[in-house]
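Participant: Before I ask anything, here is the structure I am working with.
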Amino acid sequence: MHKVFIDGREGTTGLQIYERLAGRDDIDLIVLPEEKRKDTAARRECLNAADISFLCLPDAAAKEAVSLIEDPEAKVIDASTAHRTAEGWVYGLPELSAERRERIATAKRVANPGCHATGFISLVAPLVSGGILPADYPLVAHSVTGYSGGGKKMIAEYEAEVRDKALDSPRQYGLTLSHKHLPEMQRQCGLVHAPAFQPIVADFYCGMCVSVPLYRSMLAKNYGVDDIRSYFAEYYASQNFIKVAQKEELPAYLPANALAGTNLLEIYVGGNDDMVLLCSLFDNLGKGASGAAVQNMNIMLGLDERTSLL
């Protein structure tokens, strides 16, 4: 029986992790009483009693939580942005390579990827590592997300009985082009420059579609739409949670909420003779957050990564 503690269980990600683990008979969930969830001594005790802890906290609180851990064997999965580019932490996207999966399996410290970053990296990193996309390509990326990614405050705003009419429309944000996921996106893909990243939040609860357009003439290899699709299909062939849609499966529309409630990520490759359009479709709360965290936990504990995940 593995002892598991979720520090920050009350937030959106923490609650989803709890719900995914609550019914398992191989997990002993350590639960703090509500009145002690901000009690440092109580949290320290739980963090050191657990075999593995999830940190679903603001960055500063996540760093504090790590400092409270004294047991050298205690494992941590941090869902915040605090450690995604930190030395000594393994970035928790096992599908990137067999070597990455092995590092996660033996790690004590794993940084769970950001939701937008997951979609972007799954599209760009394989092309850079395969010498298809130059590391200095001037990348642009768009991401449409459900409002659950904004946390409890944004959820309450969207679900209020009386609300601002502006919420009826998709809303561009990150207008300074300095989104908090950019450092991990650049680092994990080995890019010379950060992409021009444009996130958009819309009036649906969960789901995400990240798109990256490319000019064929600027690629390092003369790959067309079918070549890139085939490359992705081979790259992700052995993965449980990343699938590549075939040419005949390319729809007229890609609904960003199509994979809500799952830990799946689907890749679509479209375009024409001059341009290629890469799209990743997934649940921002699933493969983009809590589902990925549970997947990483399963790997770190030597379990089937699919346990309690759809």
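The values are calculated or read from the model by the stated rules, or taken from the named source; none is laboratory data. Nothing here was measured: the structure is a model prediction, and the numbers come from that model. Positions of Cβ are generated from backbone atoms using ideal geometry, with glycine treated the same way; all protein chains shown enter the neighbour counts.
Participant: Conditions: (1) more than 21 Å from Gly302 (Cβ to Cβ); (2) surrounded by 16 or more Cβ atoms within 10 Å (Cβ to Cβ); (3) β-branched (Val, Ile, Thr). Val4 meets all but one. Number of the miss?
Facilitator: So Val4 meets the others, but not (1).
Participant: Could you say which residue among Ala60, Ala117, Ala74 is within 17 Å of Asn284 (Cα to Cα) and either more than 19 Å from the chain's Cα centre (by Cα) or among the aliphatic types (A, V, I, L, M) (or both)? Even if it seems obvious, please write down each step before you answer.
Facilitator: On the way: Ala60 fails: within 17 Å of Asn284 (Cα to Cα); Ala74 fails: within 17 Å of Asn284 (Cα to Cα).
Answer to the selection: Ala117.
Participant: Taking Pro195, is it under 21 Å from Leu96 (Cβ atoms), out of contact with any strand residue (DSSP E or B) (no Cβ under 6 Å at 6 or more places or on another chain), touching a residue at least 12 places away in the same chain (Cβ under 8 Å) and assigned by TED's automatic domain parsing to the domain that holds Val276? Spell out how you get there, then give the answer.
Facilitator: Working: under 21 Å from Leu96 (Cβ atoms): yes; out of contact with any strand residue (DSSP E or B) (no Cβ under 6 Å at 6 or more places or on another chain): no; touching a residue at least 12 places away in the same chain (Cβ under 8 Å): yes; assigned by TED's automatic domain parsing to the domain that holds Val276: yes.
No; evaluated as a whole, the condition is false for this residue.
Participant: Residues being hydrophobic (A, V, I, L, M, F, W, C) and free of Cβ contacts under 8 Å to residues at least 24 places away in the same chain: count how many of those fall in the stretch 140-187.
Facilitator: Step one: filter the stretch 140-187 for residues hydrophobic (A, V, I, L, M, F, W, C), giving 140-141, 144, 154-156, 160, 162, 166-167, 175, 177, 182, 185.
If we keep only those that are free of Cβ contacts under 8 Å to residues at least 24 places away in the same chain as well, we get 156, 160, 162, 166, 175, 177, 182.
The qualifying residues number 7.
Participant: Filter the stretch 257-291 down to the residues that are within 20 Å of Tyr91 (Cα to Cα) and of a type in the set (D, E, K, R) and list them by number.
Facilitator: First, pick out the residues of the stretch 257-291 that are within 20 Å of Tyr91 (Cα to Cα): 263-265, 280, 282-291.
Across the stretch 257-291, the qualifying residues are Asp283, Lys287.
Participant: Among the residues of the stretch 1-57, how many are touching a helix residue (DSSP H, G or I) at 6+ places or on another chain (Cβ under 8 Å), of a type in the set (Lys, Arg) and not in a loop (DSSP other than H, G, I, E, B)?
Facilitator: Residues in the stretch 1-57 being touching a helix residue (DSSP H, G or I) at 6+ places or on another chain (Cβ under 8 Å), of a type in the set (Lys, Arg) and not in a loop (DSSP other than H, G, I, E, B): 4 in total.
Participant: Quick test for you: out of Asp78, Asp71, Asp51, Asp136, pick the one residue that is buried (at least 22 other Cβ atoms within 10 Å of the Cβ) and charged (D, E, K, R).
Facilitator: Values: Asp71 fails: buried (at least 22 other Cβ atoms within 10 Å of the Cβ); Asp51 fails: buried (at least 22 other Cβ atoms within 10 Å of the Cβ); Asp136 fails: buried (at least 22 other Cβ atoms within 10 Å of the Cβ).
From the options Asp78, Asp71, Asp51, Asp136, the qualifying one is Asp78.
Participant: While we're looking at this one, here's another question. Do you know which residues across the stretch 97-124 are out of contact with any strand residue (DSSP E or B) (no Cβ under 7 Å at 6 or more places or on another chain), in a helix (DSSP H, G or I) and surrounded by fewer than 23 Cβ atoms within 10 Å (Cβ to Cβ)?
Facilitator: Ala98, Glu99, Arg100, Arg101, Glu102, Ala105, Thr106
Participant: Condition check: surrounded by 15 or more Cβ atoms within 10 Å (Cβ to Cβ), of a type in the set (S, T, N, Q) and either modelled with pLDDT under 95 or assigned by TED's automatic domain parsing to the domain that holds Leu259 (or both). Does Gln186 satisfy that?
Facilitator: Working: surrounded by 15 or more Cβ atoms within 10 Å (Cβ to Cβ): yes; of a type in the set (S, T, N, Q): yes; either modelled with pLDDT under 95 or assigned by TED's automatic domain parsing to the domain that holds Leu259 (or both): yes.
Judged against the criteria, Gln186 is a match.
Participant: Looking only at the stretch 66-82, count every residue that is in a helix (DSSP H, G or I) and farther than 14 Å from Ala111 by Cα and tell me the total. Steps first, answer last, please.
Facilitator: Pass one, the stretch 66-82, residues in a helix (DSSP H, G or I): 66-67.
Right, trim to farther than 14 Å from Ala111 by Cα and you get 67.
Adding up the residues that qualify gives 1.
Participant: When the stretch 212-223 is examined, which residues are found to be crowded, with 16+ Cβ neighbours inside 10 Å and either touching a Lys or Arg at 6+ places or on another chain (Cβ under 8 Å) or under 28 Å from Lys152 (Cβ atoms) (or both)?
Facilitator: Here is the first cut: in the stretch 212-223, the residues crowded, with 16+ Cβ neighbours inside 10 Å are 212, 214, 216, 219, 223.
The one that is crowded, with 16+ Cβ neighbours inside 10 Å and either touching a Lys or Arg at 6+ places or on another chain (Cβ under 8 Å) or under 28 Å from Lys152 (Cβ atoms) (or both): Tyr223.
Participant: Starting from residues that are surrounded by 15 or more Cβ atoms within 10 Å (Cβ to Cβ) and basic (Lys, Arg), keep the ones in the stretch 38-47 and report whichever is farthest from Glu70 (Cα to Cα). It would help to see each step written out before you state the result.
Facilitator: Let us first name the residues in the stretch 38-47 that are surrounded by 15 or more Cβ atoms within 10 Å (Cβ to Cβ), namely 43-47.
Pick out the ones that are also basic (Lys, Arg) and you get 43-44.
On the way: Arg43: 12, Arg44: 9 Å.
Checked the stretch 38-47; the qualifying residue farthest from Glu70 (Cα to Cα) is Arg43.
Participant: What are the residue pairs meeting all of these: first residue in the stretch 1-20, first residue on the phi > 0 side of the Ramachandran plot, second residue hydroxyl-bearing (Ser, Thr, Tyr), Cβ atoms under 9 Å, and 6 or more apart or on different chains?
Facilitator: Pairs found: Gly8/Ser80.
Participant: Which members of the stretch 201-234 meet the condition of being of a type in the set (Ser, Thr, Tyr) and within 21 Å of Asp283 (Cα to Cα)? First the steps, then the outcome.
Facilitator: To start, the set of residues in the stretch 201-234 that are of a type in the set (Ser, Thr, Tyr) comprises 205, 211, 215, 217, 223, 230-231.
Result: Tyr205, Ser211.
Participant: Further question: Scan the stretch 244-257 and tell me whether some residue there is within 20 Å of Ser97 (Cβ to Cβ), in the same structural domain as Ile121 (by TED's automatic domain parsing) and without any contact (Cβ under 8 Å) to a residue 40 or more places away in the chain.
Facilitator: Here is the first cut: in the stretch 244-257, the residues within 20 Å of Ser97 (Cβ to Cβ) are 244.
If we keep only those that are in the same structural domain as Ile121 (by TED's automatic domain parsing) too, we end up with 244.
Still in the running and without any contact (Cβ under 8 Å) to a residue 40 or more places away in the chain: 244.
For the stretch 244-257, residues within 20 Å of Ser97 (Cβ to Cβ), in the same structural domain as Ile121 (by TED's automatic domain parsing) and without any contact (Cβ under 8 Å) to a residue 40 or more places away in the chain: present.
Participant: So which residues in the stretch 54-67 are surrounded by fewer than 16 Cβ atoms within 10 Å (Cβ to Cβ) and either outside the structural domain of Asp28 (by TED's automatic domain parsing) or among the hydrophobic types (A, V, I, L, M, F, W, C) (or both)? Walk me through it before giving the result.
Facilitator: Taking the stretch 54-67 as the starting set, the residues that turn out to be surrounded by fewer than 16 Cβ atoms within 10 Å (Cβ to Cβ) are 58-60, 67.
Listed by number, the list holds a single entry, Ala60.
Participant: For the stretch 110-126, what are the residues that are in contact with a Cys (Cβ under 6 Å, 6 or more places away or on another chain) and among the small types (Gly, Ala, Ser)?
Facilitator: Result: Ala125, single match.
Participant: Hey, another quick one. Just one of (1) assigned to a helix (DSSP H, G or I); (2) among the hydrophobic types (A, V, I, L, M, F, W, C); (3) within 24 Å of Leu259 (Cα to Cα) trips up Ala166, so point out which.
Facilitator: (3)
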